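Written below as structure tokens is the structure these notes are about.
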Amino acid sequence: MRNYILKRLFLTIPTLLGITFITFVIIHIAPGEPQAIRGAEELRAGAQITRESIEKWRKLHDLDKPLNVQYWRWLKRLFPYHPEKVETEDHWLKRFRPDFGTSFKDGRSVTQKIRERVPVTLTLNIITIFLVYMIAVPLGIHSATRQGHLSDKVITFILFVLYSLPGFWIAHMLITYVSGGDYLNLFPLAGLQSATIDQMSWYEVFFDRVWHLALPVLVLTYPALARLSRYARVGMLEVVRQDYIRTARAKGLPEKVVIMKHALRNSMITIITVIGALLPALLGGSVIVEQIFSIPGLGRLGFEAVLNRDFPQIMATATVGAVLTLVGILISDLLYGLVDPRISYEAASPWRSFLGMCRKAYCEFKARPLHTTLTTVAGAALITLLCTYHLLPIGAVIATLLLEALLIPYLFSRYLKKSFIKIIIGGVAVPVAIGYLFYMLYNIEKPVMGMSPFTFAFVLLGVVFFLFIALFVFKGLSVNFNIVTRQFKRNRLAVASLFLIIFLIVIAVTAPLLANDRPIVMKYEGHIYFPTFRTHESIAALDFAKLKHDVGTDNWALWPPVRYGPSETDLDDFLQSPSKKHLLGTDDLGRDILSRIIHGSRVSLAVGFIAVGIYVVIGVVMGSLAGYYRGGTDILISRLIEIQICFPSFFLILTLIALLPPSIFNIMIVIGITGWPGIARLIRGEFLKQREHEYVAAAKALGTPNRTIIFSHVLPNAVAPVLVAATFGIAAAILVESALSYLGFGVPPPTASWGSILASSREYVSLAWWMVWPPGIAIFITIISYNFVGEALRDAIDPRLKT
Amino acid sequence: MQVTRILYGTVALIVLLIVISTIMAKREVAQRPYDWLFLSLTEPETLNPVLMTDVSAWTVNFLVMEPMVMRNRYTFEYEPALAESWDISDDRLEFTFHLRKGVKWHDGGEFTSNDVAYTYLKLAKDEAVRATGRPEWANCESFEIIDKYTVRFRWKTKYFRAFGMCAEMMIIPRKAFGNAKGEDFNQHEMGRGCVGTGPYKMVKWETGKRMVLQRNDNYWKKEKPFFEEVHFIMVSEPSAALEMFKKGEIDVCGVSDMAWTKLTNSRSFKKKFIKYAYPTFAYSYITWNNKRAFFKDKRVRHAMTHLVDRRKFIETIMFGMAEVVTGPFYPTSPAYNHDIQPYEYDPERAKELLDEAGWIDRDGDGIRENEDGVIFEFEFLVRNSPTSQKIATILQEELRRVGIVMKQRSLEWAIFLKYLYERNFDATTLGEKLGVDVGLHGMWHSSGAEYDVSANFANFVNKEVDRLIDESRAEFDEQKRYAILREAHRIIHEEQPFTFLMSGKNKVLINKRLVNVRYSAEGTLVEEWRAVPWDKIDYSQPSLREE
């Protein structure tokens, strides 16, 4: 045990270095410089600034040095030894006090600023985590033991409803209706304590705290409830079907003992995995809560630092956040062993694993020097190439993506059949293809194959995604599809939801035919035109807005049901309530809301699908390899997971989005490449559990290749929580997109997405209900449908349910 | 079952706690002393008067710090503050200030010319200090201490703003700063609340929560301010601030155009609060990069202006709370040329102008091209603000109808600035905030057209305007200077390098318990404000004030 903890602590060092280095590189190569912002403020104050003064300032802060030098200096300041600065009577430890430097923005010590805010953030998050567990776990177990009963369904439904309500929206509602001046005046609006807290007795202070924390904690807690109770339910359902539970029941033990004593501990594995991921998620998610409730926490500090390019502050926030998260992960790993005695801590000593890894890498190199060198060089060359072209800002993302893409083929090359072609495909072709896809997406301007670039990309990415999924589902999983379909069909709600999703997809694909400012088919002066599909030269100058009311005699036109384009503004008709003309009213620029919602479905559905597609694929591969092989592979992948997970996910997304040029694809990709650790950890946890089962040993004894064991035998048994996670993931991606829109980093205007419509309506909560509810309901219905489908799919795919 | 019991237990406990806390909570605003003032504030970065850049820091420091000479907030005339009197030499290069005797800093030290010297050194000389507006001080030739209560500045060249810069710098205490230099100065704890000479002194600043100021009973002026304490509550969310105002937790609250016109009209609201609007020193514009092929031609720029329906903009985006501007000043400025009529919204005229300039749809695809077949397609930089996004979206639609393709490129502020500085854009929209002393040099002088850290975003080059600007900078007679600027206004309007949009209003809501509250674009004088006890509030006073 002690060895294990020591080992883990030792392993945090490379993780921390990795995190800080990646953060450092990202913020420095991203466009936007701190002095430019300051300069702009001075310019606006009427001053003139000179190039020299900017250069001088850059020099003062080492910004003119190469990146590695800057990073080294940062590290040196972080671990200083300055005996001369400290008085002799001070504690000797103070000589090693880390120094994060001073903030560019206000010249204060960054350490000081962080110290002010850590207690606030910890209070908020620890209370939230505690509450989430106290409520969600019993709820999950309750509904697991009553699977299919009315109470299960009601709980599920309520949790899904809660989950699908965007936090910022609820927070605004609470501010207006529960603590505002016009309606109920129950709670405070800002801050975490009253002004008179100095004069209060201890119990008054306590209740004052409760009073202030109630709303922020509520807004942080309710979305997490659904997720966690789902995990608790899934975990319990798995366990309840085990033989030893049947044995316990057969023995005549009371149900209470069976569940609480025998099943509970074993069902906790998934839930405990999540605790590690919950803290960073909350840290990131609290940006919005802190903003709305005026709470001085770490999230807002970090967010503002990113906006201001306050490098020392960003670095410090990232480091502190990472340390907090690593502690969370360590705790969850320790709890792992507590609940499942089968998991041993002494899996492998790090040193020996490291040696083993080196040896294997060396063997690999010796066996196929050409392939390994080629793979590495090609990957590196590609990154360099992309970075040197005008793709520098995108380079950051691609670099991350490629690192991951390179790692997968490398790992694969060890376990898959070792053929030259596969390595070439894996190591070179895939990154090149991905890179090329990026390149195209950024450079396409003309319509491709008659489709707009957006539609084209939508289709292309969709195809890639489905190919991946098909590959895994049909080939690897070897699930009997007839049975799955039969099982699935039994759940009528899920079938209905599936149809609803298909319906939404159809709407998304045919959006231009449903809502457009020009006719689908029209006869104009003797000719027939299809203005929606292509530009006809002879009617190019036609004013369709005029034709809307009068096409003239001899002409006719077949209009879409909604005769307004998604970004067609009409300043005479702004903020109109629903009428015959505009079925769902108009927004603050006179755009038809129904049309925007129809077109917005494209973005919102695509975000969910593609982002989750990307991260499920990465996560499943990484997680199964780590969980199955353990040892060196596990250590390597776990480090990667930790590095990735330690960036509070929403915060990382926000940072990357803020640094990248705004585009819907960046949002999808960033959500995609930041989401995988959750899946990977889930799968890893499941694999750790599954590989101890007899059937794995049996398969091994039969001489089944590892690949078959992983993908055909273990994965189907381990994939259940992933499916739940993926459906929630799709829903989450849609919500993340709306949260980004709220902070101003969503889909760039004038493109419509449900999130952006909802976010732009926040000013009008009490003024224009038609701007608030339709996008909200659209999001809500979609998320609910995904959840029902995922839920049913989980039941259907579970091999032990086969009948 | 046990599980359910845990659940019920937890939920019951939480509900109980919340209910008790809600009952116990002290939210009776009326229990507060009525001579305390509560204001909302967005967190300032630093309060160090030399380093501060944000409006919040100015708001606070106006109460704590003082300059030697300051402008009256309402008449904009210079009035003595820490200096009793001042002399300006005939050549307008030398300014001598005679300091007030016996003024005490909040920490008890005496205010002398040493403090002025220290302030000057930090503002103008100390290289490691990131002082605001440093480069403008480059033309200040010398500073000398004549005696304990007299100081003299000398400038190299005539500059109309020079006197203001010397007179209005916030004086900082040398002793309290411990004569700090360079980085030590930047990081000095005075940044968390400076020792000043003003009517209020800093008591505490709890980051992200509140800031408390207390009346300075040793203030040198005879009339002391009314409020014993001023509390600034940090609120990051505007809608929360509005709700706090409605609950009476803060006494004054700035609001958006939308909230002003739509959300504050109920009878109960009007009974308790005053809505007060006053003009600002700001205006907004669309800038066309005059270097780009599309906007080189004056006719195209005129066409663009004809396509911008400014009155509709004001109606929809600003909810009617703004007026159209035609030139680079705010309408209340004496430099603003009121003889100029704005170009009207006129798409037909715009089409004619575009045809004239050679942008005609030559291949029938609905998009205009020039002779070489270059398509009229440009990028509009949008920064991350709802207003600029709205402007861009409306413009995009408008241009599409006349056959011009406009693409929006929305960027976060830091990256937006990078593009702006590199002049790497076709067009964008921005706002400009001016002071009492308006000038044109930064935005309109051709010396800034090439220079990538200047504010001449349009790359505007015009010999006549250059001449007028140079003339105006050395002209000290206000009336003459304004006449020159009005002429420049005319030429700039004629050239239309920008499409000038509108000048909005500042809107504040005031609790009726306060009396004698007045604002101007330059701010307010909190020292003049008064309050009446809770039971003596005059609810009959008019609830709408507009200036």
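The values are calculated or read from the model by the stated rules, or taken from the named source; none is laboratory data. Keep in mind the model is a prediction, meaning the values are calculated, not measured. Positions of Cβ are generated from backbone atoms using ideal geometry, with glycine treated the same way; all protein chains shown enter the neighbour counts.
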Go through the range A:553-583 and give me each residue that's aromatic (F, W, Y) and assigned to a strand (DSSP E or B). A:W556
So the check is Cβ under 7 Å with 6+ separation or different chains; which pairs have a first residue in the range A:572-583 that's in contact (Cβ under 8 Å) with a residue 24 or more places away in the chain and a second one that's in a helix (DSSP H, G or I)? A:S577/A:W770; A:P578/A:W770
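For every residue, the table says whether it meets (1) crowded, with 22+ Cβ neighbours inside 10 Å; (2) closer than 13 Å to B:A303 by Cα.
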{"position": "B:P331", "(1), (2)": "no, no"}
{"position": "B:P334", "(1), (2)": "no, no"}
{"position": "B:H338", "(1), (2)": "no, no"}
{"position": "B:G358", "(1), (2)": "no, yes"}
{"position": "B:D361", "(1), (2)": "no, no"}
{"position": "B:V374", "(1), (2)": "no, no"}
{"position": "B:L381", "(1), (2)": "yes, no"}
So how many residues does the range B:410-423 have that are more than 7 Å from chain A (Cβ to nearest Cβ), in a loop (DSSP other than H, G, I, E, B) and touching a Lys or Arg at 6+ places or on another chain (Cβ under 8 Å)? 1
Residue list for the range A:185-213, filter: within 15 Å of B:I233 (Cα to Cα), facing another protein chain (nearest Cβ under 7 Å) and free of Cβ contacts under 8 Å to residues at least 12 places away in the same chain: A:A195, A:T196
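Let's see how each residue does on (1) crowded, with 18+ Cβ neighbours inside 10 Å; (2) more than 30 Å from B:L63 (Cβ to Cβ); (3) free of Cβ contacts under 8 Å to residues at least 40 places away in the same chain; (4) in contact with a Ser or Thr (Cβ under 9 Å, 6 or more places away or on another chain):
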position	(1), (2), (3), (4)
B:G448	yes, yes, yes, yes
B:A458	yes, yes, no, yes
B:I484	yes, yes, yes, yes
B:R490	no, yes, no, no
B:F498	yes, yes, no, yes
B:L501	yes, yes, no, yes
B:V517	yes, no, no, yes
B:A521	yes, no, no, yes
B:W529	yes, no, no, no
Identify, from the list B:L99, B:L47, B:L93, B:L39, the residue that is crowded, with 21+ Cβ neighbours inside 10 Å and either under 30 Å from A:E204 (Cβ atoms) or in contact (Cβ under 8 Å) with a residue 60 or more places away in the chain (or both). B:L47
For the range B:506-524, how many residues meet the condition of being in a loop (DSSP other than H, G, I, E, B) and of a type outside the set (D, E)? 6
State whether the residues of the range A:654-675 include one that is away from chain B (no Cβ under 14 Å), assigned to a helix (DSSP H, G or I) and without any contact (Cβ under 8 Å) to a residue 24 or more places away in the chain. no
Given (1) more than 21 Å from B:N511 (Cβ to Cβ); (2) within 13 Å of chain B (Cβ to nearest Cβ), index of the condition A:D182 fails: (1)
Of the conditions (1) facing chain B (nearest Cβ under 10 Å); (2) without any contact (Cβ under 8 Å) to a residue 60 or more places away in the chain, A:A171 fails just one. Which one is it? (2)
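In the set A:L330, A:L301, which member is hydrophobic (A, V, I, L, M, F, W, C), in contact with a Lys or Arg (Cβ under 7 Å, 6 or more places away or on another chain) and modelled with pLDDT of 80 or more? Lay out the reasoning, then the answer.
Details: A:L330 fails: modelled with pLDDT of 80 or more.
It is A:L301.
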Being in contact (Cβ under 8 Å) with a residue 24 or more places away in the chain, in a strand (DSSP E or B) and within 10 Å of another protein chain (Cβ to nearest Cβ) is true for just one of B:K407, B:K390. Which residue is that? B:K407
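To keep it simple, each residue is scored yes or no on (1) modelled with pLDDT of 75 or more; (2) surrounded by 15 or more Cβ atoms within 10 Å (Cβ to Cβ).
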{"residue": "A:L6", "(1), (2)": "yes, no"}
{"residue": "A:T20", "(1), (2)": "yes, yes"}
{"residue": "A:P31", "(1), (2)": "no, yes"}
{"residue": "A:R38", "(1), (2)": "no, yes"}
{"residue": "A:R77", "(1), (2)": "yes, no"}
{"residue": "A:Y81", "(1), (2)": "no, no"}
{"residue": "A:L93", "(1), (2)": "no, no"}
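Among the candidates B:M165, B:M169, which residue alone is assigned to a helix (DSSP H, G or I), modelled with pLDDT of 85 or more and not β-branched (V, I, T)? Steps first, answer last, please.
On the way: B:M169 fails: assigned to a helix (DSSP H, G or I).
From the options B:M165, B:M169, the qualifying one is B:M165.
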List the helices (runs of 4 or more DSSP H) inside the range B:438-502, counting only whole elements, that have at least 2 residues being within 14 Å of chain A (Cβ to nearest Cβ). B:441-444, B:447-450, B:463-474
Residue match in the range A:214-230 (condition: surrounded by 15 or more Cβ atoms within 10 Å (Cβ to Cβ), within 30 Å of B:Q31 (Cα to Cα), within 14 Å of chain B (Cβ to nearest Cβ) and free of Cβ contacts under 8 Å to residues at least 12 places away in the same chain): no
Going through the range B:134-167 one residue at a time, which ones are crowded, with 18+ Cβ neighbours inside 10 Å and at the interface with another protein chain (Cβ under 9 Å from one of its Cβ atoms)? B:R134, B:E136
Within the range A:231-267, residues within 29 Å of the chain's Cα centre (by Cα) and surrounded by 22 or more Cβ atoms within 10 Å (Cβ to Cβ) come out as A:Y231, A:A232, A:R233, A:V234, A:G235, A:M236, A:L237, A:E238, A:S267
Does the range B:5-15 include one or more residues that are in a loop (DSSP other than H, G, I, E, B) and of a type in the set (A, V, I, L, M, F, W, C)? no
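Say whether the condition of being under 18 Å from the mean Cα position of the chain (by Cα) and in a strand (DSSP E or B) is met by at least one residue in the range B:525-544.
Taking the range B:525-544 as the starting set, the residues that turn out to be under 18 Å from the mean Cα position of the chain (by Cα) are B:525.
Now restrict to residues that are in a strand (DSSP E or B): none.
No.
For the range B:174-279, please list each of the strands (runs of 3 or more DSSP E) lying entirely inside it that holds at least 2 residues being surrounded by fewer than 17 Cβ atoms within 10 Å (Cβ to Cβ) and within 11 Å of chain A (Cβ to nearest Cβ). Walk me through how you get there before you give the answer.
Details: elements: B:200-206, B:210-215, B:229-234, B:252-254, B:273-279.
Of the strands (runs of 3 or more DSSP E) lying wholly inside the range B:174-279, those with at least 2 residues that are surrounded by fewer than 17 Cβ atoms within 10 Å (Cβ to Cβ) and within 11 Å of chain A (Cβ to nearest Cβ) span B:200-206.
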Of the residues A:V120, A:V137, which single one is facing chain B (nearest Cβ under 10 Å) and touching a Gly at 6+ places or on another chain (Cβ under 9 Å)? A:V120
Give me a count of the residues in the range A:745-764 that are touching a helix residue (DSSP H, G or I) at 6+ places or on another chain (Cβ under 6 Å) and either surrounded by fewer than 21 Cβ atoms within 10 Å (Cβ to Cβ) or facing chain B (nearest Cβ under 8 Å) (or both). 6
What single numbered condition from (1) of a type in the set (G, A, S); (2) away from chain A (no Cβ under 14 Å); (3) on the phi < 0 side of the Ramachandran plot fails to hold for B:G108? (3)
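Condition (residue is small (G, A, S) and without any contact (Cβ under 8 Å) to a residue 24 or more places away in the chain) applied to the range B:182-189: is it met by at least one residue? Please lay out each step first, then the result.
First, the residues of the range B:182-189 that are small (G, A, S): B:182.
Among the residues that remain, those that are also without any contact (Cβ under 8 Å) to a residue 24 or more places away in the chain are: none.
No.
Can you find a residue that is within 17 Å of the chain's Cα centre (by Cα), surrounded by fewer than 23 Cβ atoms within 10 Å (Cβ to Cβ), away from chain A (no Cβ under 14 Å) and assigned to a strand (DSSP E or B) anywhere in the range B:64-73?
Looking for residues that are within 17 Å of the chain's Cα centre (by Cα), surrounded by fewer than 23 Cβ atoms within 10 Å (Cβ to Cβ), away from chain A (no Cβ under 14 Å) and assigned to a strand (DSSP E or B), one finds at least one in the range B:64-73, hence yes.
For the range A:765-780, indicate whether the set of residues that are crowded, with 24+ Cβ neighbours inside 10 Å, among the aromatic types (F, W, Y) and touching a Ser or Thr at 6+ places or on another chain (Cβ under 7 Å) is non-empty.
So in the range A:765-780, the residues crowded, with 24+ Cβ neighbours inside 10 Å come out as A:771, A:775, A:779.
Keeping just the survivors that are among the aromatic types (F, W, Y) gives none.
No.
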